[in-house]
Amino acid sequence: MVPDDPSYPPAGESSGTIDELVENELLAVHEDLPPEMAEIFGTTRLSLRLELHEDGDGKTRLVIDQGPYGEQMEGSAREGWGSSFTKLDTLLAG
């Protein structure tokens, strides 16, 4: 992930363990955080669940559930996802 604001540091590498995988429907993973990150995030484990649902007319609806986050980190995560989808929209339109 590369932030839009150049003064903001880019996200480092992350890795996770796949908990559930259903082709074309679901990806659920978790990441156990090192102590220094756990202190920032307020948790030792983050989870991410991506669900894909048919939404008619050949469209797909994406549902993202990620966390747990405190208020400050939740806002940053929302901004990160928003930025990522804006960049994806630009790439697909080009």
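Computed from the coordinates by the stated procedures, all read-outs in this text should not be read as laboratory data. Please read these numbers as outputs of a predicted model, since none were measured by experiment. Cβ: placed from backbone, ideal geometry, glycine included. Neighbour counts: every protein chain shown.
Structural remarks
- Peptides 44-51, 55-62 ordered by average Cβ neighbours within 10 Å, highest first: 44-51, 55-62
- Inter-part distance where region 51-94 and region 13-47 are each reduced to a Cα centre, Å: 16 Å
- Rounded tilt (10° steps) of 71-93 against the dominant C-alpha axis of the chain: 40 degrees
- Label-to-label distance, nm, for residues given as Ser47 and Thr60 (7 Å Cα→Cβ offset): 2.3 nm
- Rough spin-label spacing in nm, given labels placed 7 Å along Cα→Cβ, for Leu88 and Glu20: 1.9 nm
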